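The values are calculated or read from the model by the stated rules, or taken from the named source; none is laboratory data. Owing to the predicted nature of the structure, the values given are computational and were not obtained by experimental measurement. Virtual Cβ from ideal backbone geometry, glycine too; neighbours counted across all protein chains shown. In case anyone asks, the SASA skips ligands and DNA or RNA and just uses the protein heavy atoms, side chains included. Shrake-Rupley method; radii C 1.70, N 1.55, O 1.52, S 1.80 Å.
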There are 2 protein chains.
Amino acid sequence: MPPRPRAPRNTLSRELVVDTALRMLDEGGIEAFGVRALAKELGVGPMTLYTYFRGKEELLDAVRGQLLDTASLTCLHGDWQHRVRTICQRLRQLILDHPCLIHLLSTRPPSGRDAADAAEALLRTLTEAGFDEETAARTYTMLLGHVLGVTSLEVQLAAEHEDPDRRRHIRDTMTGLDPKRHPALVAHTAALRRTAGGDAQFEFGLELIIAGLERHTVLK
Amino acid sequence: MPPRPRAPRNTLSRELVVDTALRMLDEGGIEAFGVRALAKELGVGPMTLYTYFRGKEELLDAVRGQLLDTASLTCLHGDWQHRVRTICQRLRQLILDHPCLIHLLSTRPPSGRDAADAAEALLRTLTEAGFDEETAARTYTMLLGHVLGVTSLEVQLAAEHEDPDRRRHIRDTMTGLDPKRHPALVAHTAALRRTAGGDAQFEFGLELIIAGLERHTVLK
DNA sequence: ACCTGAACACCGTTCAAGT
DNA sequence: ACCTGAACACCGTTCAAGT
């Protein structure tokens, strides 16, 4: 990254800082990101950023908020199964597009405000489908945790797949397993590698949950 | 923490270093943990630790491995529903006992080796219950992601609950929601706060998944 | 092998100051 | 208000050296 030419005076703004931070996070990941590096990218001293943000934490919060606000995480047409499916898929896609979100969300959980549109759509959908208040709330929390967890796993596995050192390491540990102690695990090594990650794995889990929810509605 | 009296020569070991690191992580969390602080706690110069570990990352990996190896994440009695339930609950409990695990697991996903006993028990259980290889593998991955995600959310919410500043902040943002734009979310605020976290929330999700799996078996 | 202090190349942030 | 350089109190780690 060439250190940008110094920005002319008064061209900096909260928005520009956040956008640049997001771009750096998308390109280099959370490890490569720092206040100093961001300042250099903007052609500015590190302290300049403190005019717009109280500190690094507040800056990252702003990035997170921007990602969640900009995204369209709603779906209010079709039956409730379709809505739930679509909203969850959109949240997953947002994370796949911006893997830094995992870190930003796991440092501090999404408060109501952050993903308000998704929460609204899900809660309204579930209520209209006939779930009582408490079940709707529980289902919302469960779905959120599920999508974050499964997608997080997916992103990490993809990242490991990139690093040749790690790939070899995983290979070695898997082949080093004792077939006497872990016969089922050894037998499933290929299946695990074959199925891990991807749309199919995500949708498998999602459909399983929807199937469970359907049984809930039938029991009413 | 009083800086321990210098350890007598040759009393240090990989094991002691890992145990002390784990204790510090349990007490102060991942943010308070550092190579220098750990060394001080052991009454030793920071560089001493590099005799036992290549670096911080390898050290944290060892802590993670110890936690997962020591824990009993198996259950091979009762019907498959009971086994799945028990294994998932044990993994959750391990994370609740050692919240640092979330960070240790989200930096790098559990490879086969790490939670081999849990994987073995789950895969064997699912296979014996009649699921084919691919479905068993997918279910394993899905359950792992689910437990990690939901429990991670739970731990974070609990942590936020501790911090009075954050509590007030959440309160403010929730009450600041526009009832026109987010009527369902506003209506569910109380239910969300009432149900969030705890055994009940976790088991709600788990039973939902098990119900979905049962439908899978019925369809066969 | 085990352990050391000094030093290096970084962090995020405080401070006093300049426009 | 916007922006600055110098400095502070930290990091994890390399290095050359000591037992």
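If the condition is being within 7 Å of DNA strand D (Cβ to nearest atom), in a helix (DSSP H, G or I) and touching a residue at least 24 places away in the same chain (Cβ under 8 Å), then the stretch A:41-50 contributes only A:THR48. Looking only at residues of the stretch A:167-193 that are open to solvent by 60 Å² or more (accessible area, probe 1.4 Å) and under 30 Å from A:LEU105 (Cβ atoms), we find that the one that is farthest from the other protein chains (Cβ to nearest Cβ) is A:ARG167. The set of residues in the stretch A:38-84 that are away from DNA strand C (no atom under 12 Å from the Cβ), open to solvent by 30 Å² or more (accessible area, probe 1.4 Å), within 14 Å of chain B (Cβ to nearest Cβ) and among the charged types (D, E, K, R) comprises A:ASP69, A:ARG83.
The condition (being out of contact with any Lys or Arg (no Cβ under 6 Å at 6 or more places or on another chain), more than 16 Å from DNA strand C (Cβ to nearest atom), open to solvent by less than 30 Å² (accessible area, probe 1.4 Å) and within 14 Å of another protein chain (Cβ to nearest Cβ)) is satisfied by just one residue among B:LEU122, B:LEU104: B:LEU122. Restricting the stretch A:20-37 to residues that are within 15 Å of DNA strand D (Cβ to nearest atom) and not small (Gly, Ala, Ser), the residue that is farthest from the other protein chains (Cβ to nearest Cβ) is A:THR20. For the stretch B:194-220, the tally of residues that are open to solvent by less than 50 Å² (accessible area, probe 1.4 Å) and either of a type in the set (Gly, Ala, Ser) or closer than 17 Å to A:MET142 by Cα (or both) stands at 15.
Just to be sure, is A:HIS98 of a type outside the set (S, T, N, Q), farther than 25 Å from B:ILE209 by Cβ and open to solvent by 30 Å² or more (accessible area, probe 1.4 Å)? Give the steps one after another, and end with the answer.
On the way: of a type outside the set (S, T, N, Q): yes; farther than 25 Å from B:ILE209 by Cβ: yes; open to solvent by 30 Å² or more (accessible area, probe 1.4 Å): yes.
The answer is yes for A:HIS98.
Before we move on, is A:SER13 more than 10 Å from DNA strand C (Cβ to nearest atom), closer than 26 Å to B:ARG181 by Cα, surrounded by fewer than 13 Cβ atoms within 10 Å (Cβ to Cβ) and small (Gly, Ala, Ser)?
On the way: more than 10 Å from DNA strand C (Cβ to nearest atom): yes; closer than 26 Å to B:ARG181 by Cα: no; surrounded by fewer than 13 Cβ atoms within 10 Å (Cβ to Cβ): yes; small (Gly, Ala, Ser): yes.
It is false that A:SER13 is more than 10 Å from DNA strand C (Cβ to nearest atom), closer than 26 Å to B:ARG181 by Cα, surrounded by fewer than 13 Cβ atoms within 10 Å (Cβ to Cβ) and small (Gly, Ala, Ser).
Being free of Cβ contacts under 8 Å to residues at least 40 places away in the same chain, of a type outside the set (A, V, I, L, M, F, W, C) and over 30 Å from B:VAL63 (Cβ atoms) holds for only one residue in B:HIS161, B:HIS169, and it is B:HIS169. Applying the set (1) free of Cβ contacts under 8 Å to residues at least 12 places away in the same chain; (2) within 16 Å of DNA strand D (Cβ to nearest atom); (3) out of contact with any helix residue (DSSP H, G or I) (no Cβ under 9 Å at 6 or more places or on another chain) to A:LEU16 leaves exactly one unmet item: (1). If you go through the stretch A:130-143 and keep only what is more than 7 Å from chain B (Cβ to nearest Cβ), open to solvent by less than 30 Å² (accessible area, probe 1.4 Å) and out of contact with any His (no Cβ under 8 Å at 6 or more places or on another chain), you end up with A:THR139, A:LEU143.
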